[in-house]
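Student: Sharing a structure below in structure tokens format, with a few things to ask.
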Amino acid sequence: MESVSIIGIGRMGGALALALSKAGYEVENLIYRSEPVSPDILSLISSSAHLISFADLQFLNSDIIFITSADPEIAAISTRLASKVKAGSSVFHASGSLSSEILSDLTRVGCYTGSIHPLVSISDPIRGSKSFAGAFYCVEGQDNAVAVAKEIVASLGGESFSIATRHKSLYHASAVTASGHLVALVDVAVEMLTKCGVEPDEAKRILMPLIKSTLENLEGQSNAKALTGTFARADVSAFERHLDGLKESVSGETLQVYLNLGNRSLDLAELEGQDTNDIRKIRDGILLALRTAK
């Protein structure tokens, strides 16, 4: 049984502690920076984990070490940890936007370093621990670390993929666009519907089945085939009606979101063979509206 220490027992660290314990790892040490570890997490861990304040940490003999603290703290933790770990340990952080290069001080003392970022949204450690199975995980770093990372992901019931270290920030931008920006986009759609006299909560409730059906289409089809509506049909008249309504009712910023996404939707419509003249007319209308939107 491989031993694990986790530094930073917040939402991600707590969820990992629970999931790894259930997957058969020996969760040896739970190391906290400022906030003590939740008793709920401790009660659900099968092993007898030691609770240690990072300020009191002497040495870690674990096979695997996770740093799950906030991004700005990772470099400083790596530096302080370098004199407190054994060579040959595999050390990972769970940041989406930082690469394994942030752990260079640990690499220099003989640790295998990498990053493991699960593509799941974790708002609570107990619920989050159940979200790892079936998720995709981005792993990168030294070859030995990546090999260990893939074993960890498999034991959690997930699927791993690797990217070059230099692409880590671009990868994370993709994840933010698919998750955080999706929420922001729904907020824009809700804003538009409220301008029709619908209360915000009701507007969101009305739009959710449409959003869910679109996600189902995306799961089973190409992006181009999943696209429906005005831009998928290159419907010039409908676009012009949208434009009139938006100009009367929403901010320039909201209008720009609609227009820029419309341009990207036309790229998909072209892939499906929509009329090039109609696509050109809509693109011209978008360009003109963008010049005047404020």
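The values are calculated or read from the model by the stated rules, or taken from the named source; none is laboratory data. Computed from a predicted structure; not experimentally measured. Here the Cβ positions follow ideal geometry from the backbone for every residue, glycine too, while neighbour counts run over all protein chains shown. Each accessible area value is taken on the protein alone, full model and side chains, heavy atoms only, with ligands, DNA and RNA left out. Shrake-Rupley method; radii C 1.70, N 1.55, O 1.52, S 1.80 Å.
Student: For Ser121, which of the numbered conditions (1) more than 16 Å from Ala82 (Cβ to Cβ); (2) of a type in the set (Ser, Thr, Tyr); (3) modelled with pLDDT of 95 or more fails to hold?
Tutor: Among (1) more than 16 Å from Ala82 (Cβ to Cβ); (2) of a type in the set (Ser, Thr, Tyr); (3) modelled with pLDDT of 95 or more, the lone unmet condition for Ser121 is (3).
Student: Follow-up question, since we're still on this one. If you take the residues of segment 12-34 that are of a type in the set (D, E, K, R) and within 21 Å of Leu103 (Cβ to Cβ), which of them is most open to solvent (accessible area, probe 1.4 Å)?
Tutor: Per the stated criteria, the residue is Arg33.
Student: Quick one: count up the residues across segment 35-77 that are of a type in the set (Gly, Ala, Ser), surrounded by fewer than 21 Cβ atoms within 10 Å (Cβ to Cβ) and either in contact with a Pro (Cβ under 9 Å, 6 or more places away or on another chain) or more than 20 Å from Gly128 (Cβ to Cβ) (or both).
Tutor: Going residue by residue through segment 35-77, those that are of a type in the set (Gly, Ala, Ser) are 38, 43, 46-49, 53, 55, 62, 69-70, 75-76.
Now drop any that are not surrounded by fewer than 21 Cβ atoms within 10 Å (Cβ to Cβ), which leaves 38, 43, 46-48, 53, 55, 70, 75-76.
Filter once more, so that each one left must be either in contact with a Pro (Cβ under 9 Å, 6 or more places away or on another chain) or more than 20 Å from Gly128 (Cβ to Cβ) (or both): 38, 48, 53, 55, 75-76.
Total satisfying the criteria: 6.
Student: Among the candidates Ser160, Ser155, which residue alone is under 19 Å from Ser99 (Cβ atoms) and either buried (at least 16 other Cβ atoms within 10 Å of the Cβ) or touching a Pro at 6+ places or on another chain (Cβ under 9 Å) (or both)?
Tutor: Ser160
Student: So, in segment 247-268, of the ones that are open to solvent by less than 20 Å² (accessible area, probe 1.4 Å) and either in contact with a helix residue (DSSP H, G or I) (Cβ under 7 Å, 6 or more places away or on another chain) or basic (Lys, Arg) (or both), which residue ends up farthest from Ile282 (Cα to Cα)?
Tutor: First, the residues of segment 247-268 that are open to solvent by less than 20 Å² (accessible area, probe 1.4 Å): 252, 254-255, 259, 262, 266.
Now narrow it down to the ones that are either in contact with a helix residue (DSSP H, G or I) (Cβ under 7 Å, 6 or more places away or on another chain) or basic (Lys, Arg) (or both): 254-255, 259, 262, 266.
Numbers: Thr254: 18, Leu255: 15, Leu259: 10, Gly262: 9, Leu266: 8 Å.
Taking the candidates together, the pick is Thr254.
Student: Restricting to segment 142-195, name every residue that is assigned to a loop (DSSP other than H, G, I, E, B) and out of contact with any Ser or Thr (no Cβ under 8 Å at 6 or more places or on another chain).
Tutor: Selection gives Leu156, Gly157, Gly158, Ile163, Ala164.
Student: Shifting gears a bit: Give segment 110-125 a look and list any residue that's open to solvent by 20 Å² or more (accessible area, probe 1.4 Å), at negative phi and in a loop (DSSP other than H, G, I, E, B), or say none. Even if it seems obvious, please write down each step before you answer.
Tutor: Here is the first cut: in segment 110-125, the ones open to solvent by 20 Å² or more (accessible area, probe 1.4 Å) are 110, 112, 117, 119-125.
Then keep just the ones that are at negative phi; that gives 112, 117, 119-125.
Residues satisfying the conditions are Leu119, Val120, Ser121, Ile122, Ser123, Asp124.
Student: Going by the conditions given, is Val120 in contact with a helix residue (DSSP H, G or I) (Cβ under 8 Å, 6 or more places away or on another chain), under 24 Å from Tyr25 (Cβ atoms) and free of Cβ contacts under 8 Å to residues at least 24 places away in the same chain?
Tutor: For Val120, the condition - in contact with a helix residue (DSSP H, G or I) (Cβ under 8 Å, 6 or more places away or on another chain), under 24 Å from Tyr25 (Cβ atoms) and free of Cβ contacts under 8 Å to residues at least 24 places away in the same chain - is met.
Student: When segment 1-40 is examined, which residues are found to be of a type in the set (Ser, Thr, Tyr) and either at pLDDT below 90 or not in a loop (DSSP other than H, G, I, E, B) (or both)? Reasoning before the result, please.
Tutor: Residues of segment 1-40 that are of a type in the set (Ser, Thr, Tyr), as a first pass: 3, 5, 21, 25, 32, 34, 38.
Passing the criteria: Ser3, Ser5, Ser21, Tyr32, Ser34, Ser38.
Student: Answer yes if at least one residue in segment 81-88 is part of a strand (DSSP E or B), open to solvent by 20 Å² or more (accessible area, probe 1.4 Å) and more than 23 Å from Val176 (Cα to Cα), and no otherwise.
Tutor: no
Student: What are the residues in segment 271-285 that are surrounded by 14 or more Cβ atoms within 10 Å (Cβ to Cβ) and without any contact (Cβ under 8 Å) to a residue 40 or more places away in the chain, if any?
Tutor: Listed by number, the list holds a single entry, Arg283.
Student: Of the residues that make up segment 96-109, is at least one under 10 Å from Gly141 (Cβ atoms), in contact with a strand residue (DSSP E or B) (Cβ under 7 Å, 6 or more places away or on another chain) and open to solvent by 40 Å² or more (accessible area, probe 1.4 Å)? So that I can check it myself, show each step before the final result.
Tutor: Let us first name the residues in segment 96-109 that are under 10 Å from Gly141 (Cβ atoms), namely 99-101, 103, 107.
Filter once more, so that each one left must be in contact with a strand residue (DSSP E or B) (Cβ under 7 Å, 6 or more places away or on another chain): 99-100, 103, 107.
Those still in the list that are open to solvent by 40 Å² or more (accessible area, probe 1.4 Å) too: 107.
Yes, that holds for at least one residue.
Student: Being open to solvent by 40 Å² or more (accessible area, probe 1.4 Å) and either under 11 Å from the mean Cα position of the chain (by Cα) or small (Gly, Ala, Ser) (or both): is that true of Ala147 here? Walk me through how you get there before you give the answer.
Tutor: On the way: open to solvent by 40 Å² or more (accessible area, probe 1.4 Å): yes; either under 11 Å from the mean Cα position of the chain (by Cα) or small (Gly, Ala, Ser) (or both): yes.
Yes; evaluated as a whole, the condition is true for this residue.
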